[in-house]
Amino acid sequence: MSRTETSTTMVERIATVDWRGIAAALDAHGCAVVKALVSPEACAALAASYEIEDAFRSRIVMARHGFGSRELRGAMYPPLADIANRLNEAMGIDVRYPAALEKFLDRCHRAGQTKPTPLVLRYAEGDYNCLHQDVYGEHLFPLQATVLLSAPGRDFTGGEFVLTEQRPRMQSRAEVVPLEQGDCVIFPVRHRPVRGARGSYRVTMRHGVSRLRSGHRHTLGIIFHDAR
């Protein structure tokens, strides 16, 4: 499969996604999974970009390659911008996002956030990712996505994707998200609204990856704001 075919197939698949269902899952659970967004062939091409760049680095910035991450980012942004605007309204945040990714990135670049953020991460046995938030500057897009490029059980064991949610005056809630190769999980960068008895309130989100027990695990991270 060529790079052009890989990119075209992924963009066509995004056009068929039930974005209302995605929004409902984000409201209910704080995350949503698009099953089989990326084909096994495309997953292999994206994971191979790691080896092309440097086999000893833990992350590869995807702007240097033409394996489809730019197309995925551009195609996913418009429907997610609609969801993001609704989430910000529910949280009382005045920021709104334009319909086109290029216009939002122009906003980032004017503020000095010019470094592309989509990347491939590789985990080896014993590796993990601490709970964190991908906030890289003044401007951030409130949703991001991760695509699992490796096959659980075949390529690796362990390495579960984990979200935590800290509600005011309550203990943190953890959500372990099961993923198969090619699945894409969409989740908040920093906050999300939760409906309570007196209306919506804001909760703090973090995400990470549990310890890899064996093998190698590759993921594609799609962050819609650029970094300083």
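The values are calculated or read from the model by the stated rules, or taken from the named source; none is laboratory data. Since we're looking at a predicted model, the values are computed, not measured. Here the Cβ is made from the backbone with ideal geometry for all residues, glycine too, and neighbour counts use every protein chain on show. Quick note on the areas: whole protein, heavy atoms, side chains included, nothing else; ligands and nucleic acids left out. Shrake-Rupley method; radii C 1.70, N 1.55, O 1.52, S 1.80 Å.
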Going by alpha carbons, how many degrees (0 to 90, nearest 10) lie between the helix axis of 101-110 and the longest principal axis of the chain? 80 degrees
Going by alpha carbons, how many degrees (0 to 90, nearest 10) lie between the helix axis of 19-29 and the longest principal axis of the chain? 70 degrees
Top mean-square fluctuation among ARG202, ARG86, ARG20, Gaussian network model of the chain, C-alpha springs under 10 Å? ARG20
Count the net charge of all other residues whose Cβ sits under 15 Å from the Cβ of VAL17, scoring Lys and Arg as +1 and Asp and Glu as -1. -1
Using alpha-carbon coordinates, inclination of helix 69-90 to the longest axis of the chain, degrees: 10 degrees
Amide H of GLY30: which non-local residues (sequence gap of 5 or more, or other chain) have their own amide H closer than 5 Å, using H built in the peptide plane? none
If you roll a 1.4 angstrom probe over the protein chains with everything in place, what fraction of the accessible area of the chain belongs to carbon and sulfur, to the nearest %? 51 percent
I'd like the FRET efficiency for ARG190 and TYR128, computed as 1/(1 + (r/R0)^6) with the beta carbon distance as r and R0 of 25 Å, rounded to 0.05. 0.75
Calculate, in nm to one decimal, what ALA24 and ALA44 gain on full extension: separation in residues at 0.36 nm each, minus their alpha carbon distance. 4.1 nm
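Roughly speaking, what is the stretch gain from ARG154 to ILE93, that is 0.36 nm per residue apart minus the C-alpha to C-alpha distance, in nm to one decimal?
17.6 nm
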So what is the accessible area of segment 55-214 per residue, in Å², with the probe set to 1.4 Å? 50 Å²
Descending principal axes extents, segment 104-228, alpha-carbon based, whole Å: 44, 40, 22
Which residues' amide hydrogens lie under 5 Å from the amide hydrogen of ARG211, considering only partners 5 or more residues apart or on another chain, with H built in the peptide plane? GLY159
Calculate the spin-label point distance for VAL135 paired with ARG173, positioning each point 7 Å from the Cα along the beta-carbon direction, and give it in nanometres. 2.2 nm
The chain: relative contact order from alpha carbon pairs under 8 Å, six or more residues apart, as a whole percent, is 29 percent
